[in-house]
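Working notes, structure below.
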Amino acid sequence: MARDVWVLHGPNLGLLGRREPRLYGRETLESIDRRLTKLGEALGLRVASFQTNHEGALIDRLTVAMDEVDGCLLNPAAFSHTSLALADTLRSMTIPVVEVHMTNLYARERERQESVTGSAATGVIMGFGPASYELGLHALAAMIGGARGQGKRR
């Protein structure tokens with residue numbers, strides 16, 4: 001039986017491919033989501049993706065996720081630096097949440113070098129471009145177990 005995973009993308013990630021390509025590359029969010037769905041199948045995971053520019057929508061999805069899925073990948077984008085509300089939600093999670101970032105936050109501007117949400121996530125992967133998502137999905141699969149494995153919930 002496949003495990004269910006949600007991939008939650010925060011603000012401005014719908015602009016990938018056009019937004020600051022020197023930082024984020026030219027790959028679109030749709031392309032990343034297609035790759036994650038395919039990788040998820042190989043790992044025994046059913047992957048569904050959601051993007052929003054609204055903090056409350058991410059909080060609502062995470063709250064629902066605890067009853068609906070086995071784990072989440074989360075790229076909170078700029079909310080990772082500012083959202084205590086999102087961090088509080090992450091601390092309440094009963095399923096693993098792996099935070100991902102395409103860029104290395106430590107190599108960014110000073111105000112982007114801290115992730116208040118990262119300290120509340122199960123783990124954080126950053127700095128590998130779009131592959132950060134794939135690495136995060138592998139980590140999540142290891143934590144929850146795919147169709148072929150045994151995993152532990154947080």
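Readers should treat all values here as calculations from the given coordinates under stated rules, not as data from a laboratory. Here the structure is a predicted model, which means the values were calculated and not measured. Here Cβ is always computed from backbone atoms with ideal geometry, including for glycine, and neighbour counts include all displayed protein chains.
Converting the Cα gyration tensor eigenvalues of region 3-144 into ellipsoid dimensions via √(5λ) gives semi-axes, longest first, of 20, 18, 13 Å. Note on Ser119 and Ala2: the extension gain reaches 39.2 nm, defined as 0.36 nm multiplied by sequence separation minus the Cα-Cα distance.
List the trypsin sites (Lys or Arg not before Pro) within region 1-89 that DSSP assigns to loop and that have no more than 15 neighbouring Cβ atoms inside 10 Å.
On the way: sites: Arg3, Arg18, Arg19, Arg22, Arg26, Arg34, Arg35, Lys38, Arg46, Arg61; in loops: Arg18, Arg19, Arg26.
Of the trypsin sites (Lys or Arg not before Pro), the ones in loops of region 1-89 whose Cβ has at most 15 other Cβ atoms within 10 Å are Arg18, Arg19, Arg26.
Comparing mean-square fluctuations of Glu27, Glu109, Glu41 from a GNM of the chain with C-alpha springs under 10 Å, the top value falls on Glu109.
For every helix of n ≥ 4 consecutive DSSP H residues, a contribution of -39,500 (n - 2.57) applies; sum these over the chain, divide by its total residues, and give [θ] at 222 nm rounded to the nearest 500 deg cm²/dmol. Don't skip to the end; give the middle numbers.
Details: 5 runs with 55 residues, N = 154.
The per-residue figure over the chain is -11000 deg cm²/dmol.
For the chain, modelled as a GNM whose springs connect Cα atoms under 10 angstrom apart, the maximal fluctuation among His81, His101, His54 occurs at His54.
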